[in-house]
Each structure stands twice: as structure tokens, then as C-alpha cells.
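Okay, so here's the structure we're looking at.
Read-outs: derived from the displayed coordinates by stated rules, not from any lab. Quantities reported herein were computed from a predicted structural model and do not represent experimental measurements. As a convention, Cβ positions derive from the backbone with ideal geometry for all residues, glycine included, and neighbour counts pool all protein chains shown.
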Amino acid sequence: MTAVTFDVRDLAPADRAEALRAAVGPSVLWVDVDHHAVGAIAARGLIRRVGGLTQFSARTTPMTIRRTPRQTRDGSETELILAVQRSGTATVVQHGREAVVHPGDMVLVDSSCPFTAVNANGTHHHYFCLPRADLALPDRLLGRITATRLGPANPVAALAAAHLSRLADSRALPESPAAQQLERSTVELVRAVIATQLGAADLARGPLEDTLALRIMEHVRRRVDDPALNAARIAGECGISVRRLYAVLARADIELGEWIRARRLEACRADLADPHKLRQTVASVARGHGFTDASHFGRLFKETYGIPPGEWRARSRPADGTRA
């Protein structure tokens, strides 16, 4: 399935509810939707495939979503739907449990059973539909994890939310076979979240090992601007030895120092071209992204981009100071 974008704000108010239902139902999941402000419905988003996963991202006005008993018997493939909350607050009810999720949290629902999700003030969220068979987890465990807040108290969940948010926000996704590998890594990460959330050590061991490189790099991404970041600190915070850290990253073809420098330089390059950051000096921008030596930063920037950072800043904007 190619990526499909939608924006019902372009339609007459009376046509928006049905247009949203027609866009989401066949590609994602059939549900009943009660819009809280029928005359002011707004929803825009994206539906696309990532390997065998379906991503549905949307910004919506307040609504209540219900998956009815009749809809659970529609013959479609049983999926677990993982929601990543980006803004607003949602209340999700399934199997007699109720979870209130906030920005940065995640929550799972099972499409084979009725559920309700209430977004009382509008929301921005990402949904990922994962075939239940791919997770290969016992029904007794899956029945305990739905409608449970998966938040920062579980560090694996926090890293998974960051990974999925970045995946959802990326403008381009790799084509097969890279997409298939990305799908497998994501499924294993979700398995690790479920197993660690439930304290199932035996089930968690495999997924945690399989996703170690991914989790290490998510950890590094969150701290990449810290000038004190180094291999010893990363290894300690991930609970492994420095030797194992380098071995795991080598298997993933990642050279840690080069990767960190590249991300920092990319961030500096973007900031230097940002018209909202004109008042910051080049040295200040560099310090903000982990470079403590301005001269060293200048040499690295020129070696990488073929132009000194000050000249890049000057060329990035026309004379009126707006971004080119």
C-alpha cells in the first residue's frame, strides 16, 4: 500500500465524518466514531505500510472511538494496535481495564475484542497495527497487557515510544528488504516492552537481546548533545560492559564516535540555517550540540560540508534574514 494522506478540513462539514470513516476503515480498522463537535470536525493524517505493519498517524478534534462486538467478527486478521500518544490525553478501556495515557505514553488494544478510546480534547497520535501472530505471545499475556499505560516507568517502553515516534515522523521509509528488517526489529521491540511490563523474564530475554543495538542507539539519540557522553557512560547506563557495547554496535555496522559526530554536525548545520536562531553565535550553537571546542568544531564542519560554519550560515539566508 502506498502512503495515503487525508485532510477532511478541505470538505464541507457535513461530509467530514463519513470521509474520515471511509479513509480509515478499509486500511486500518473499522470502528464507530462519535465526534464531540459534529459541526467542527477536523482530522488530518497519514496511512502507510512499513513492511508488514500499518501506520496510522492523525491529528483530530475530540472524539470517542468504539470497536463493537459485531466489528470484531468481521473476519479480518487479528491485530494488536499500539498507540503512541504525542499530544493530548486519551482514555482507553478494554477487558475491564482503563488506561489514561499522556504525551510520550503508549497503550495496546486487541482488535479481536471490543474497546473504547476517548480523546476528550483532541489529540495527536500514531497507531501501529501489528499482526498478532507475528508477536507470538501467549493469549494469557496479551490479555493482561491491553488497556495498560506503557509509560516512562518502563525504560524499554520509553525507548520504544521514541523509536516509533521517529519512525512515524520520517518522511521516507526504506523499501524492501530493508523495510522487512525494520518491521522485525520493531516487532521484537514491542515484544520486549510487553514482556518487561509484565515481568516475564523468560520471554523478555530473547527480544531484549535481539533489540540491544536498537535500544542502545535510542539511548544515545536522547543524550547525543551531552558533551560528557562517551562509551563508558553509555555502557553503564545500558547495563553492559564497554567491550560488549562495541561488539553489539560492530555487528550492526555502527561506529559510535563517527555516528555521534555526524548527528551533532547535522543538528548544528540545521540550527545555523534557522532564522529563529540568528542571535546565537556559531560557538553557542556548537556548544548546544556537544562540541566544547569551537575551533575543533569549525574544522570538522568544513571537512564534512566543504564550507566553514559561519559561511554556511551566511549563505543559508537571503539578505532579508529569512530562510532561503
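With the simple spin-label model, which puts each label point 7 Å out from Cα in the Cβ direction, the ALA3 to ALA314 separation comes to 3.6 nm. Working value for the chain: equivalent-ellipsoid semi-axes of 38, 28, 16 Å, each the square root of 5 times a Cα gyration tensor eigenvalue, largest first. Taking the range 186-262, which trypsin sites (Lys or Arg not before Pro) meet the DSSP loop condition and have no more than 11 other C-beta atoms within 10 Å? Qualifying residues, ordered by number: none. Maximal additional length on extending the ALA120-ARG166 stretch stands at 14.0 nm, based on 0.36 nm per residue less the C-alpha distance.
With a Förster radius of 41 Å applied to the beta-carbon distance between ARG21 and ALA201, the computed FRET efficiency rounds to 0.45. In terms of surrounding Cβ atoms within a 10 Å radius of their Cβ, SER165, SER170 rank from fewest to most as SER170, SER165. Full extension of the chain between ALA283 and GLU209 gives 22.6 nm of extra length, using 0.36 nm per residue less the Cα-Cα distance.
With a Förster radius of 51 Å applied to the C-beta separation of LEU141 and ALA270, the computed FRET efficiency comes to 0.75.
In this calculation the C-beta distance from ALA262 to SER112 is compared with R0 = 41 Å, giving a FRET efficiency of 0.40. Database remark: amide H of GLY122 closer than 5 angstrom to the amide H of MET63 (H placed geometrically; neighbours at sequence offset of 5 or more, or on other chains; Pro and chain starts carry no H). Helix 155-169 and the longest principal axis of the C-alpha atoms of the chain enclose an angle of approximately 90°.
3J(HN,Hα) along the range 199-216, derived from phi through the Karplus expression 6.51 cos²θ - 1.76 cosθ + 1.60 where θ = phi - 60°, amounts to x, 8, 4, 5, 6, 6, 4, x, x, 5, 5, 5, 9, 4, 4, 4, 5, 4 Hz, with x in place of Gly and Pro.
Taking every alpha-carbon pair under 8 Å whose residues sit at least 6 apart, the chain reaches a relative contact order of 12 percent. Taken over the Cα atoms of the range 211-254, the convex hull encloses 63 Å³ per residue. For every helix of n ≥ 4 consecutive DSSP H residues, a contribution of -39,500 (n - 2.57) applies; sum these over the chain, divide by its total residues, and give [θ] at 222 nm rounded to the nearest 500 deg cm²/dmol. Roughly -13500 deg cm²/dmol at 222 nm, from the helical runs in the chain. Gain on full extension, evaluated as 0.36 nm per residue between ARG233 and ASP32 minus their Cα-Cα distance, stands at 67.5 nm. Hey, how many Å between the Cα centroid of the range 66-115 and the Cα centroid of the range 180-229? The distance from the Cα centre of the range 66-115 to that of the range 180-229 comes to 23 Å.
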